[in-house]
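The next block holds one structure in the form of structure tokens; read it before the comments.
Rule-based calculations on the coordinates, nothing more; no lab input. If you're wondering where the values come from, they're calculated on a predicted model, not measured in any experiment. Note that we place each Cβ from the backbone using ideal geometry, even for glycine, and neighbour counts take in every protein chain shown.
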Ligand SMILES: [Ca+2]
């Protein structure tokens, strides 16, 4: 009887021993595709629209907490437009105060980011599911492109109330590199030994010489673990 009880205990314990050694934890690679939206924040929201974004993240699971790798992010369509502030600030009526008039454009900015990335989080069991809440940080290289085109300022200035424009300004194509960083967090849910889904929310800042660009990026996460 005692032997049977011991055997039963060992058998019930086996699955949990097995789960400790399951491959999704340590010593494996994780590749994630994160489709989402890059939403301009603060002054950046005066200059450009939201853009779709796709992040490709690859990392190695060094221990139960630390995943380290690299990420590639592609913001593929921020259309310039909003209010004349930041890099578009102008004093139309020459009264010494920058005006805030509406502007639109046919210029699109595309931004590619490439950075080493660290992810900190641990898988936890909740009911019969495995979740991993995590924090993530990255810092690295960003490159921004714009097509040639025009901006058109036209409308009532928010400060003076006077009608401004139309004022048409022509821009050449541009291509520049910057330093930037991002940080945030998210949640993975294991749906298979090799697959997880979840969501990610992060803040990113690209340091330009005359101003910084700031974005909030919510995205979905689809991960393959191998
Ligand atoms: Ca003015």
With a cut-off of 11 Å, note down the residues of region 155-175 whose backbone N falls inside the zone around a label point 7 Å from the Cα of residue 93 toward its beta carbon.
157-164
Using label points projected 7 Å from each Cα along Cα→Cβ, tell me how many nm separate residue 56 and residue 147, to one decimal.
2.3
Grab every C-alpha pair in region 25-225, bin the distances at 10 angstrom width from 0 up to the longest one, and report whole percents.
9, 32, 26, 17, 11, 5, 1
With the label point 7 Å along the Cα-to-beta-carbon line of residue 154 and a cut-off under 20 Å to each amide N, the hits in region 85-115 are 85, 88-93, 99-108
How many angstrom lie between the Cα centre of region 178-198 and the Cα centre of region 122-150?
5
For residue 210 and residue 120, what does the FRET efficiency come to when R0 = 35 Å and r is the distance between their Cβ atoms, rounded to the nearest 0.05?
0.55
Give the angle, between 0 and 90 degrees and rounded to the nearest 10, that separates the Cα long axis of helix 2-20 from the longest principal axis of the Cα atoms of the chain.
20
What full-extension length gain, to one decimal in nm, is calculated for residue 70 and residue 37 as 0.36 nm per residue of separation minus the Cα-Cα distance?
9.9 nm
